[in-house]
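Reviewing the structure listed below.
Nothing in this text is a laboratory measurement; each read-out follows from the coordinates by a stated rule. Computed from a predicted model, the values in this text were never measured in an experiment. When we count neighbours, we look across all protein chains shown, and the Cβ atoms used for this are built from the backbone with ideal geometry, even at glycine.
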There are 2 protein chains.
Amino acid sequence: MTTYFDHLETRNPADREANLMARLPAQLSHAVANAPAVAHQLQGINAAAVNTRAQLATIPVMRKSSLLELQLANRANDPFGGFAACQFGAQVKRPIHRIFASPGPIYEPEGESNDYARSARGLFAAGLRAGDLVHNSFSYHMTPGAWILDAGAAALGCAVFPAGVGQTEQQVAAMLDLKPVAYVGTPSFLRILLEKADELGTPVTSLKKAMVSGEALPPSVRASFEARGIAAMQCYATADVGLIAYETAVAGVVQLGMMVDENILLEIVRPGTNEPVPVGEVGEVVVTTFNLDYPLVRFGTGDLSAFIAEPSACGRTGQRIRGWLGRADQTAKVKGMFVHPSQVAQVLAKHPEIKRARLVLTNPDQRDAMQLRCEVAGELDVTAVTQSLRDISKLGGEVLAVALGSLPNDGKVIDDQRVYQ
Amino acid sequence: MTTYFDHLETRNPADREANLMARLPAQLSHAVANAPAVAHQLQGINAAAVNTRAQLATIPVMRKSSLLELQLANRANDPFGGFAACQFGAQVKRPIHRIFASPGPIYEPEGESNDYARSARGLFAAGLRAGDLVHNSFSYHMTPGAWILDAGAAALGCAVFPAGVGQTEQQVAAMLDLKPVAYVGTPSFLRILLEKADELGTPVTSLKKAMVSGEALPPSVRASFEARGIAAMQCYATADVGLIAYETAVAGVVQLGMMVDENILLEIVRPGTNEPVPVGEVGEVVVTTFNLDYPLVRFGTGDLSAFIAEPSACGRTGQRIRGWLGRADQTAKVKGMFVHPSQVAQVLAKHPEIKRARLVLTNPDQRDAMQLRCEVAGELDVTAVTQSLRDISKLGGEVLAVALGSLPNDGKVIDDQRVYQ
């Protein structure tokens, strides 16, 4: 029988949605009041009145690239560029507990709440329980990966060995001595540890469960863990928002896709735009958090995924998404000029008869060429659209009408097919 | 004016001593009841009746080398060899929170208490305060160094950037972006970071305080930090017992030696024996902790130091010790046989007229030779002592009577002067 982390996971979906919507006004008001960059993002919007997905969709998506730009622009005064609602200093309301740098020049604050990145729910679904010893092979240095899962393991009541990265032989020795039942880290490093132990003639046999993340888990690698008696499950988390979604299983059978965490609001948005796509369509994962210390609103992760309509057989009633389907940031350089997905969105905004579009880049004879393929129900004014494309992109391109539903469902707004020889 | 971490630091010394003695019976009883290896160590001793230093001295010192042996012997059942009073498993009374490996095959448990290693007091004396941003350049991987100071910084209300080791340029970049006021880590790595920043043309100017540890802080290096406006203070901590002692200052002037932490019981013991030495004499640092999760009793750190009789001008009334004066483990191999400081102690036990002794090892013509120099008030029965030395060490050696107080006060029981060419 499947056990659940809490009753939230098996709620009536309508209750979950109503709860998320009910929490939005207070969270957005808090963000606007305490995080200047979010206040700027929500300019002209009454945060306290946002309590539907439609209203939420009126808020511009804050993409990771923009967050970085804003951090860099305001760095002298505030390393977080106005996105944090927690502060440095004594006797502040929300003290900063730790700071992480991930990637490179982007900084994220960790506040003082337990399991600040909500990973305990995902670890529970992966089978971890109070009293388990967890070998954590993510890095604790600078980046938050290890800390996100360390905090969740602590919240579950697990003991953690903070192994970190590298030092393969010492990690194997510690595994043999301490006999951890669980591993967290990348799947490739787990494989390296297991194979090193085999090579030394002292196989690691204590591991029964693993929460892997940070890279793809190919089915063959999952099967190789399974053959050793290790049930490996994946989660999807980012440095900015923490746990986003996690795999679930029924009687050892891993279910399709991932379950969205109960305490975030996830949207799938057409890349380069602010508009949610229909269920099933691939788009960018956009997250609104309920984190009081780092209250990101409509944060564009840059990752592509899609909602799965069917409920999970695991009994959890939450929204499901497909795994990671690529990067949404499809900005390309054409004839030396940048072309952004948002420019394609601008063309569509001028021509509402276009339902979806895809800018295909090719380079026959090593010369860049663009073709804008437009799904339309009826007629397309090719001349007008060609002119709009030129006005907006400053580049010439061909415009082609295609049948409704004929473009691939892969989240690509700019499809770069150029080949360099 | 000097400020203090709490009122404990300025207590009447007699009150401090009375308080430590009053806490001993409960702590030792707890250790005996919950840590089988400590129960074995205290065999035949009524733990609940130990409330003087003299009674404490009847308990055999548990040296780090013995702790390792016991851990190795019991590893199959318990990685901590019976020394931990916290447990794995769900619904246990004292759950293990984290496990560290330091050095190599020795494991230490961290329980759930805040600032488990008591470093906040030392960080406070180094000038750290709530709201300070601390750049932590100790490693969080496997070993507890970074965690000991991370926990203390959190207890003080500081924010921490977990920088870890290596990645020098990224650490410099983070320092320039985040502008930490405090550094914790080794002094040599601080120097590397500062010089790298200079070299890049972007000197780090935000740092004002540093808590350095893990290696010696030469006066020239301290002065170079001082010249940059960074007040660097040292602490002495070990993986097993956490903070042992810390430097204090008066109006920026660092005081001699180090102040012993308020919540440990520290003895200086003649190497190889269980006997405390008089104040001022160099010997091994032996610590009894009041940690409920890892209740080490008379733990021999293997480090040499000595009590300082005079009180500190900083106003703290605690016991003071000189800094690290070398290693107490003077086991040597002579003509292929191990000679231990405890064997020298056995010779002395058979001949109470010897007040102190020192076994000097030399190798004239590349052949090992031993000379036992004995401080005696009156006559020495050289023949009898020579026989005792042979009986106990299985090795022949010369015995020499020397004047009382003529042997150097450096904690050396075995002085290995051999030169290999």
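The magnitude of the dipole of segment A:281-395, with charges of +1 and -1 set on the Cβ of Lys/Arg and Asp/Glu and taken from the Cα centre, is near 160 debye.
Only aspartates and glutamates eight or more places from B:K350 in sequence, or on another chain, were considered; those with a Cα closer than 14 Å are B:D381, B:D391. The mean number of partner chain beta-carbon atoms within 10 angstrom of a residue's beta-carbon across peptide A:165-172 is 2. Per-residue 3J(HN,Hα) values for segment A:40-54, derived from phi via the Karplus relation 6.51 cos²θ - 1.76 cosθ + 1.60 with θ = phi - 60°, read 5, 4, 9, 3, x, 10, 7, 3, 5, 9, 7, 9, 9, 5, 5 Hz in sequence order (x marks Gly and Pro). Here B:L400 yields copy-to-copy label distances, from shortest upward, of 9.8 nm, the label point defined as 7 Å from Cα along Cα to C-beta. If you find the alpha carbon centre of segment B:228-275 and of segment B:365-420, how far apart are they in angstrom? Their Cα centres are 32 Å away from one another. Using only the Cα atoms of the protein assembly as shown, build the gyration tensor, take square roots of its eigenvalues as a ≥ b ≥ c, and label the shape rounded, prolate or oblate: rounded if a/c is under 1.5, else prolate if a/b is larger than b/c, else oblate. Prolate. For A:T58, the distances from its label point to the matching points in the remaining copies are 8.2 nm, ordered from shortest, with each point set 7 Å beyond Cα toward Cβ.
Would you mind getting me the FRET efficiency between B:A223 and B:E169? Use the beta-carbon distance for r and R0 = 25 Å, nearest 0.05.
On the way: r = 26 Å, r/R0 = 1.05.
Taking R0 as 25 Å, the efficiency between B:A223 and B:E169 is 0.45.
Let me spell out the model: positive unit charges on the Cβ of Lys and Arg, negative unit charges on the Cβ of Asp and Glu, origin at the Cα centre of the protein assembly as shown. What dipole size does that give, in debye rounded to 20? The partial results should precede the final answer.
Working: 76 positive and 84 negative charges, 26 e Å.
Computed about the Cα centre, the dipole is about 120 debye.
Projecting label points 7 angstrom from Cα along Cα→Cβ for A:N409 and B:D381 puts them 10.0 nm apart.
Taking 0.36 nm per residue of separation and subtracting the Cα-Cα distance, full extension of the segment from B:T202 to B:A130 would add 23.2 nm. One quarter of the convex hull surface built on the alpha carbon atoms of segment A:299-417 amounts to 9.2 nm², the projected area averaged over directions.
Please express the shape of chain B as an equivalent ellipsoid: the semi-axes are the square roots of 5 times the eigenvalues of the C-alpha gyration tensor, given largest first in whole angstrom. It would help to have the intermediate numbers written out before the result.
Values: eigenvalues 297, 142, 96 Å².
So the three semi-axes of chain B are 39, 27, 22 Å.
Positive-end ranking of A:H351, B:V92, A:P109 along the dipole of the protein assembly as shown, with charges on Cβ about the Cα centre, is headed by B:V92.
Here is the link list: A:K64/A:K93; A:K64/A:K394; A:K333/A:K394. Which ones come out longer than 21 Å on Cα distance? If you can, show how the numbers build up before the last one.
Working: A:K64/A:K93 27 Å; A:K64/A:K394 25 Å; A:K333/A:K394 12 Å.
Cα-Cα > 21 Å for A:K64/A:K93; A:K64/A:K394; rest within.
Here, segment A:199-264 is characterised by an Rg to Rh ratio of 1.03, where Rg is the alpha-carbon radius of gyration and Rh the Kirkwood radius.
Partner lysines whose Cα lies under 22 Å from the Cα of A:K196, excluding those fewer than 8 positions away in the same chain, are identified as A:K179, A:K208, A:K209. Rounded to whole numbers, the Karplus 3J(HN,Hα) couplings from phi for segment B:320-333 are 10, 10, 6, x, 6, 10, x, 9, 7, 6, 9, 4, 10, 9 Hz, using 6.51 cos²θ - 1.76 cosθ + 1.60 with θ = phi - 60°, and x at Gly and Pro.
Each residue, A:A39 and B:E215, gets one label point 7 Å from its Cα in the Cβ direction; the gap between the two is 4.7 nm.
Our summary gives chain B a relative contact order of 13 percent, counting only alpha carbon pairs under 8 angstrom and 6 or more residues apart.
Remark: spin-label model distance B:A73-B:E112 equals 3.3 nm, labels positioned 7 Å along the Cα→Cβ axis. Using C-alpha pairs below 8 Å separated by at least 6 residues, the relative contact order for segment A:1-115 is 17 percent. Between the C-alpha center of segment B:11-43 and that of segment A:24-57 there is a gap of 57 Å.
Would you please report the Å³ per residue occupied by the convex hull of the alpha carbon atoms in segment A:271-356? Don't skip to the end; give the middle numbers.
Numbers: hull volume 11.6 nm³, N = 86.
Considering the Cα atoms of segment A:271-356, their hull volume per residue is 135 Å³.
Across segment B:1-64, the relative contact order, built from alpha-carbon pairs under 8 Å that are at least six residues apart, equals 29 percent. Taking a straight Cα-Cα cut-off under 19 Å and skipping sequence neighbours fewer than 8 places away in the same chain, the lysines within cross-link reach of B:K355 are B:K412. Annotation: amide H-H contacts under 5 Å for B:I414 (H modelled 1.01 Å from N, sequence separation of 5 or more, or interchain): B:L359. In chain B, the beta-carbon sitting nearest the axis that superposes B on A belongs to the residue given here with its distance in angstrom, B:Y140, 2.
Per-residue ellipticity at 222 nm from helix content only, as computed over chain B with -39500 (n - 2.57) for each DSSP H run of at least four residues, stands at -8500 deg cm²/dmol.
Running Debye on segment A:178-293 with equal point scatterers at the Cα sites and no solvent, what base-10 log of I(q)/I(0) appears at q = 0.15 Å⁻¹? For the requested q values the scattering log ratios are -0.77. Annotation: amide H-H contacts under 5 Å for B:A249 (H modelled 1.01 Å from N, sequence separation of 5 or more, or interchain): B:Q255.
List the distances, in nm to one decimal, from the label point of A:E310 to the label points of the same position in every other copy, shortest first, placing each label point 7 Å from Cα along the Cα-to-Cβ direction. In ascending order, 8.3 nm. Counts of other chain beta carbons within 10 angstrom of each beta carbon in peptide A:135-142 average 5.
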